[in-house]
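Asker: Here it is: the structure, laid out below.
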Amino acid sequence: MIPSISEIKEFLKKLSFDESSINDLIEQIEHFEKEAPERDDIVRDYLREECIETIVDEITDEILKLNKKRIKILDVAAGSGFFAERIKKKLEDNRVDVEVYGLDITPSMLKRLKDKGITPIWGVAEKIKESINIANEQYNMNVPKGFDVVLSTLAFHHFLKPEKVLKSMKDVLSNHGVVIIVDVLKHEHEELKETLKDTHFGFSLEEIKEMGSKIFNKVEARYMDVYCEVGDVIVGLYKAVFT
Ligand SMILES: C[S@@+](CC[C@H](N)C(=O)[O-])C[C@H]1O[C@@H](n2cnc3c(N)ncnc32)[C@H](O)[C@@H]1O
């Protein structure tokens, strides 16, 4: 399913977003439409190879802790699928049978997901369940209603309403499932907001824990031993795990 911009506007209305949120979301889409062809290279540029490996290893280790032989994963705001593809491969190397779905709002990102063998779903992170209903009803897809793992990398600071995204993730989490978020820590580099189309300056561990504790029973957040380098600016990353 790769909708056109006019279909997306219709879907956003159907999902009951107001005019101002629709405009903000369209701005995100326009920015990421341009970024999509280069997204893989951009990730390699922001993060050194060892940082990429650490992120993939840490997420895979969390998923392996579930101790399941078959796993359904939803990557929210999956972008070009840079991490989803690597996590899938690593799990398969550990003899886990994986089904990976990638939800994203930007059509050109969905094309990249498809090329990487990840099932693309057009959707909005704040309304995952409703977006899946659109995919299943309008595009005859058979996307599950529940996932063992809901993850998101380098995207949480882009969301208009992060708390709503956590609630929306919980709505599609199976019993005993896990939500894993890797993203940038709070910083003060205002210049990044316009160049990267960021909505927030990242979140501190306290902020992410506080948000998560309103929605999940168990909340863990900690600094990762990796950082993101954008030009001269260096920003740290955190990992949050919610169950
Ligand atoms: C910085 S990229 C991260 C992509 C990928 N997760 C990665 O690690 O490379 C942010 C992604 O979030 C998507 N996005 C932004 N806001 C969104 C929203 N509200 N719902 C779904 N996707 C969104 C963009 O289209 C873009 O692909």
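The values are calculated or read from the model by the stated rules, or taken from the named source; none is laboratory data. Since we're looking at a predicted model, the values are computed, not measured. Virtual Cβ from ideal backbone geometry, glycine too; neighbours counted across all protein chains shown.
Asker: How about the stretch 30-104: which helices (runs of 4 or more DSSP H) wholly inside it have at least 3 residues that are near the ligand (Cβ under 10 Å from one of its atoms)?
Answerer: Per the criteria, 39-46, 82-93.
Asker: Residues that are of a type outside the set (A, V, I, L, M) and either under 25 Å from Asp57 (Cβ atoms) or at pLDDT 95 or above (or both): find the helices (runs of 4 or more DSSP H) completely inside the stretch 138-243 holding 2 or more of those.
Answerer: Of the helices (runs of 4 or more DSSP H) lying wholly inside the stretch 138-243, those with at least 2 residues that are of a type outside the set (A, V, I, L, M) and either under 25 Å from Asp57 (Cβ atoms) or at pLDDT 95 or above (or both) span 162-171, 205-213.
Asker: Shifting gears a bit: Working only within the stretch 2-29, note down all residues that are in contact with a Leu (Cβ under 9 Å, 6 or more places away or on another chain) and away from the ligand (no atom under 12 Å from the Cβ).
Answerer: The answer is Ile2, Pro3.
Asker: To continue, here is another question. May I ask you to list the residues in the stretch 164-209 that are within 13 Å of the ligand (Cβ to nearest atom), β-branched (Val, Ile, Thr) and in contact with an Asp or Glu (Cβ under 7 Å, 6 or more places away or on another chain)?
Answerer: The answer is Val165, Ile180.
Asker: Kindly evaluate Ser204 against the criterion of being hydroxyl-bearing (Ser, Thr, Tyr) and touching a residue at least 40 places away in the same chain (Cβ under 8 Å).
Answerer: no
Asker: Using beta carbons and a limit of 7 Å, which pairs, at least six apart or on different chains, have the first residue in the stretch 42-65 and more than 30 Å from His176 (Cα to Cα) and the second one in a helix (DSSP H, G or I) and near the ligand (Cβ under 10 Å from one of its atoms)?
Answerer: Every condition considered, the pairs that remain are Ile42/Glu35; Val43/Phe82.
Asker: Go over the candidates Val241, Val124, Val230 one by one and state the one that is touching a residue at least 12 places away in the same chain (Cβ under 8 Å) and either among the acidic types (Asp, Glu) or touching a strand residue (DSSP E or B) at 6+ places or on another chain (Cβ under 7 Å) (or both).
Answerer: Going through Val241, Val124, Val230 in turn, the sole match is Val241.
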